[in-house]
Amino acid sequence: MKILAFETSCDDTSIAIFEDDKLLAMDTASQIKIHNITGGVVPEVAAREHANAIFWVLEKVLKEASPHLTSPKGRGIKGLFEHIDYIWVTTNPWLLPSLLTGTTVASTISTVLQIPIIPINHIQAHVFSNFLERKESFVKFPLICLTVSGGHNDIYSMKNIWDLEKVGSTTDDSSGEAFDKVAKMMGLEYPGGPIISKLAEEYKRPVSIETGLKPLFPRVWLVKKEADFSFSGLKSAVKREVDKRVEKAGLLSQEDKIEISYEFQEAVIEVLAYKLVQVALQKWVKTVMLAGWVSANNRLKEEITRLAKKHNLEFIFPIKNLYCMDNAAMVGILTHYKIKYWEFEEKIWVVKL
Ligand code: KG4
Ligand code: ZN
């Protein structure tokens, strides 16, 4: 079974081709450089970039997978499509103008070439990124999954592969958004997460702080026993600290940026890791899992590893950082399992948003 998967929900134009659970080819056009100019993703700009990139990404992926898609001579790209059994495309949630580009192109191919199309949920695809390059039995249920990225910050309880119950969420910003906004406050580029986490690694805590001084920023627990999050108060606390230092010295020094990055990251990570593990303990579940691009954060993985070890839990996260970010491979692997477990009696050629 060969699958062509599209992911255009935010600022990455990603297309992949799968044969069953094996990734044959994938390419992603990132829009980071463009969104750096505006300091974040402007939906209309993102949609235009998707429209400009999607056809050359598609051509590149088809050519890369062509040794596995042998077509009669002279049939060119059209011949390669003859090997595709299903098209899958992200339809929700996220930025509507971005989603429109992917769904329109995918539905057009589906209608013209009569290849059935199936809609995919972006968050569920992030969760399934944990199955990439792994045997199905590697992921043990029941489990608790933390999905953290720019657009979402949720905890899910999963009794089995299809049972995804949301047990906690953010009441305002997501953690990824907070990383982006704090980076902007300090004059750093977009996306803020990778830059802040890199700066934080450079921080050498003064010995006096190690021996008991209070952290610079508060830990926002809301109700500590519950699985909800809030990051807007922390963001305001960082803003106050940045303003104070700028007022005093006229600008933020590199040392200031390193210290604030470290302190901010610790404040986010401590709460994320604690709440994930706490939900697992409350529900008597033995496995915790991580998904979304924030899960590429080394400190977050380190802290969850520490807590999981302490409480005798297994901790699963995507095998490559490439699979943490928005990518069509996670759409493709979710498709593989849907085809394996679900019956698609009624075929459709157009997806609705
Ligand atoms: O999954 P994603 O690409 O988009 C959504 O579906 O929302 O996540 C993007 C977010 C950005 O906010 C970015 O700053 C954050 O993930 N991010 C990180 C790291 N790498 C990316 N946050 C913290 N640490 C990182 N290493
Ligand atoms: Zn995402």
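Under the condition of being open to solvent by less than 50 Å² (accessible area, probe 1.4 Å) and either free of Cβ contacts under 8 Å to residues at least 40 places away in the same chain or not charged (D, E, K, R) (or both), the residues counted in segment 124-138 number 9. Only one of the listed residues (6, 81, 55) is of a type in the set (Phe, Trp, Tyr) and within 16 Å of ligand 2 (Cβ to nearest atom). That residue is 6.
Take residue 270 and tell me if it is free of Cβ contacts under 8 Å to residues at least 60 places away in the same chain, closer than 25 Å to residue 187 by Cβ and either assigned to a helix (DSSP H, G or I) or open to solvent by 20 Å² or more (accessible area, probe 1.4 Å) (or both). Taking the combined requirement at face value, the residue does not satisfy it.
You will find that of 261, 236, 253, the residue that is within 16 Å of residue 197 (Cα to Cα) and among the small types (Gly, Ala, Ser) is 261 and no other. Checked against (1) part of a loop (DSSP other than H, G, I, E, B); (2) away from ligand 2 (no atom under 16 Å from the Cβ), residue 195 meets all criteria but (1). Of all residues in segment 246-261, those that are among the aliphatic types (A, V, I, L, M) have Cβ atoms under 7 Å from Cβ atoms of residues that are at pLDDT 95 or above and part of a helix (DSSP H, G or I), 6 or more apart or on another chain, in 252/242; 252/245; 252/246; 258/199; 260/238; 260/241; 260/242. Residues in segment 150-167 that are away from ligand 2 (no atom under 13 Å from the Cβ) and part of a loop (DSSP other than H, G, I, E, B) were compared, and the one that is surrounded by the most Cβ atoms within 10 Å (Cβ to Cβ) is 161. Of all residues in segment 256-269, those being more than 10 Å from ligand 1 (Cβ to nearest atom) and closer than 17 Å to residue 177 by Cα number 7. A single member of 183, 106 is open to solvent by less than 10 Å² (accessible area, probe 1.4 Å), assigned to a helix (DSSP H, G or I) and in the same structural domain as residue 29 (by TED's automatic domain parsing), and it is 106. Checked against the criterion of being open to solvent by 20 Å² or more (accessible area, probe 1.4 Å) and modelled with pLDDT of 95 or more, the candidates 22, 78 yield just one match: 22. Any idea how many residues of segment 286-315 are assigned to a loop (DSSP other than H, G, I, E, B), open to solvent by less than 10 Å² (accessible area, probe 1.4 Å) and more than 16 Å from ligand 2 (Cβ to nearest atom)? So the count comes out to 0.
Looking only at residues in segment 283-305 that are in contact (Cβ under 8 Å) with a residue 60 or more places away in the chain and of a type in the set (S, T, N, Q), which one is nearest to ligand 1 (Cβ to nearest atom)? This residue is 297.
Checked against the criteria, residue 208 counts as assigned by TED's automatic domain parsing to the domain that holds residue 167, in a helix (DSSP H, G or I) and at pLDDT below 95. Tell me, please, whether a residue that is away from ligand 2 (no atom under 16 Å from the Cβ), surrounded by fewer than 18 Cβ atoms within 10 Å (Cβ to Cβ) and assigned to a helix (DSSP H, G or I) can be found in segment 85-96. No. Scanning segment 8-65 for residues that are outside any helix (DSSP H, G or I), in contact (Cβ under 8 Å) with a residue 24 or more places away in the chain and closer than 17 Å to residue 176 by Cβ yields a count of 7.
Of all residues in segment 152-193, those that are in contact (Cβ under 8 Å) with a residue 24 or more places away in the chain and within 14 Å of ligand 1 (Cβ to nearest atom) total 23. Just one of the numbered conditions (1) touching a residue at least 60 places away in the same chain (Cβ under 8 Å); (2) out of contact with any Asp or Glu (no Cβ under 7 Å at 6 or more places or on another chain); (3) closer than 30 Å to residue 268 by Cα is not true of residue 121; which one? It is condition (1) that residue 121 fails. Of the residues 101, 170, 111, 147, the single one that is surrounded by fewer than 16 Cβ atoms within 10 Å (Cβ to Cβ) and among the hydroxyl-bearing types (Ser, Thr, Tyr) is 111.
The values are calculated or read from the model by the stated rules, or taken from the named source; none is laboratory data. This one's a predicted model, so the numbers in the text were calculated from it and none came from an experiment. Positions of Cβ are generated from backbone atoms using ideal geometry, with glycine treated the same way; all protein chains shown enter the neighbour counts. SASA here: full protein model, heavy atoms, side chains in, ligands and nucleic acids out. Shrake-Rupley method; radii C 1.70, N 1.55, O 1.52, S 1.80 Å.
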